[in-house]
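A short write-up of the structure that comes next.
Values quoted throughout were computed directly from the atomic coordinates according to the rules given, and no laboratory measurement underlies them. Worth saying up front: this structure is predicted, and the values here are computed from it rather than measured. Please note: Cβ atoms are built from the backbone with ideal geometry, for glycine as well, and neighbour counts cover all protein chains shown.
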Amino acid sequence: MAPRFDKLDISILRALSENARTPYLEIARETGVSGAAVHQRVQRLMASKVIVGSQCLIDPSSVGFDVVAYLGINAMASTDVEELVEGLQQIEEVTECHIVAGRYDVIVKLHAKNNEQMLNLIQERMRPLKIASTETMVSFREAFHRPVPIGKSK
């Protein structure tokens, strides 16, 4: 069952999901409560694992990672998917990993400096992980990225 949120919770979650650096006092002014009230709510949302962290997003190409690819991965029949995930986690260039249903066992997001490095990552670093097959989908650019629609009902 989904947790229940009041208007203040929703306002806080929206503000922080749009910009994790939004000052609590700014949220307090917009919602008509004290900064301490916002701080207490954020602490409660963190303690209940609704807010699980914040991050600084860096444009990968600005630090030399010009290739983004998604790989659909099928493990060999004898491979435990959790062991595969642990192996993939050791490859720094793999920035996301999802265990999925359907055509693949796992889908990962991979950042590489160029196509040669991507090829090396797939052939040299992933091959020992008991992977039966992969399908690589290169991303030309991210069309959009957004947070989940908090507090919007339909």
For the charge dipole of region 1-134, defined by +1 on Lys and Arg C-beta atoms and -1 on Asp and Glu C-beta atoms about the Cα centroid, which residue among THR31, ALA20, PRO128 has the Cα displaced farthest towards the positive pole? THR31
Kirkwood Rh in Å, taken over region 7-47 so that all alpha-carbon pairs contribute: 9.8
Mind listing the Cα extents of region 60-139 along all three principal axes, in Å, largest one first? 39, 23, 17
Mind listing the long-range amide H neighbours of VAL100? Cut-off is under 5 Å, sequence gap 5 or more, other chains count too, H placed in the peptide plane at 1.01 Å from N. VAL106, ILE107
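Might you report the magnitude of the Cβ-based charge dipole of the chain about its Cα centre, with Lys and Arg at +1 and Asp and Glu at -1, to the nearest 20 debye? If you can, show how the numbers build up before the last one.
On the way: 18 positive and 19 negative charges, 168 e Å.
Approximately 800 debye in magnitude.
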Highest average packing first - 60-66, 85-91, Cβ atoms within 10 Å: 85-91, 60-66
Eligible aspartates and glutamates near LYS130 by straight Cα distance, threshold 20 Å, same-chain separation 8 or greater: ASP80, GLU82, GLU83, GLU86, GLU92, GLU93, GLU96, ASP105
Throw me the Rg/Rh for the chain, computed over C-alpha atoms with Kirkwood Rh, two decimals. 1.08
With a cut-off of at most 10 other beta carbons within 10 Å, and DSSP calling the residue loop, which trypsin sites (Lys or Arg not before Pro) in region 90-148 qualify? Please list them. ARG103, ARG141
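How much net charge surrounds VAL67 when only the other residues with a Cβ under 11 Å from the Cβ of VAL67 are counted, with Lys and Arg +1 and Asp and Glu -1? Intermediate results must be reported in sequence, preceding the final value.
Numbers: positive: LYS113; negative: ASP66, GLU93, GLU116.
Neighbour charge sum, excluding VAL67 itself: -2.
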